[in-house]
1. Suppose only helical runs count, i.e. DSSP H with n ≥ 4. What mean residue ellipticity at 222 nm does that imply for the chain under -39500 (n - 2.57) per run, divided by all residues and rounded to the nearest 500 deg cm²/dmol?
2. What is the dipole size for the chain, taken about its Cα centre, with +1 at each Lys and Arg Cβ and -1 at each Asp and Glu Cβ, in debye to the nearest 20?
3. Calculate how large, on average over all directions, the projected area of the Cα convex hull of the chain is; give the answer in nm² to one decimal.
4. Ignoring ligands, DNA and RNA, what percent of the 1.4 Å accessible area of the chain is carbon and sulfur?
5. Hey, can you find the accessible area per residue of the chain for me, probe 1.4 Å, expressed in square angstrom?
6. Compare the Cα positions of T137, I30, S50 along the charge dipole of the chain (+1 at Cβ of Lys, Arg; -1 at Cβ of Asp, Glu; about the Cα centre) and return the one farthest towards the positive end.
7. What residue among F22, F98, F82 has the largest mean-square fluctuation in a Gaussian network model of the chain, using Cα springs under 10 Å?
8. Can you give the net charge of the other residues whose Cβ lies under 14 Å from the Cβ of L33, counting K and R as +1 and D and E as -1?
Amino acid sequence: TVQEFSDRGVAIQIDAPTQGPFVLGHAREIASLLHTLLGNAIEASTPDQSVLVQLTGTDDAATITVRDHGTGLASGVRERLFQPHVTTKSHGAGMGLFLARRIARGRYRGDVVLHDNGDQQTGSDTGTDTGTVTGTTAILTLHSRSPA
C-alpha cells in the first residue's frame, strides 16, 4: 500500500517491528483499510511533510497508526466523518472512512478512530505552551478475521 503512494511527494515513514503481530485476514480487505487511511493522510499533507505509519500489536491484535501533519480534522464534520457521503474533499464520495470502520468492526472485531493532533499541545516540563501540533492520527485495530 505504501508503494502505491510513493509518487505523491510525501515522505512515508514506517515504524514496525521485525517480527510483527499476526492477524488472519483477507489481504484485499486489509489493503483497502490501509489505502483509505494512508490516502487520507497523504492528501492532507504537503510535500515538505511526512506521514508516519506505526505497527504495534499483541498475540491477538494488530494496531496500525497513521499520523499526518496536515490541517487536522474540520470541526464541522468531525462527528460525522464515519457516516456515508461525508467528506471535506472536493472529489470522492465520502465513503472511505465509513467502509473502513464497517470492515474493521464487522470482519475483524476492531475499529477505526481518528484524533485531531491539534487537540494536543506541546510544551516544556514547566507546562508552558510552546505551540500546537497539527494533523490527524488514525488508529486501526484488527483482530483475526471473523468467519464470513
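1. Values: 2 runs with 30 residues, N = 148.
Using -39500 (n - 2.57) per qualifying helix, the result is -6500 deg cm²/dmol.
2. On the way: 12 positive and 15 negative charges, 152 e Å.
Computed charge dipole of the chain: roughly 740 debye.
3. Values: hull surface 41.6 nm².
Over all viewing directions, the chain projects a mean Cα-hull area of 10.4 nm².
4. Values: 4500 of 8750 Å².
Whole-percent figure for carbon plus sulfur exposure: 51.
5. On the way: 8750 Å² over 148 residues.
Per-residue value: 59 Å².
6. Of the candidates, I30 comes out farthest on the positive side.
7. F22
8. Working: positive: R28, R101, R102, R105, R107, R109, R145; negative: E4, E29, D111.
Result for the neighbourhood of L33: +4.
The values are calculated or read from the model by the stated rules, or taken from the named source; none is laboratory data. Bear in mind the structure is a predicted one, so any value in this text is a computation, not a measurement. Note that each Cβ is placed from the backbone with ideal geometry, even for glycine, and that neighbours are counted across all protein chains shown. Heads up: the accessible areas ignore ligands, DNA and RNA and are worked out on the full protein's heavy atoms, side chains in. Shrake-Rupley method; radii C 1.70, N 1.55, O 1.52, S 1.80 Å.
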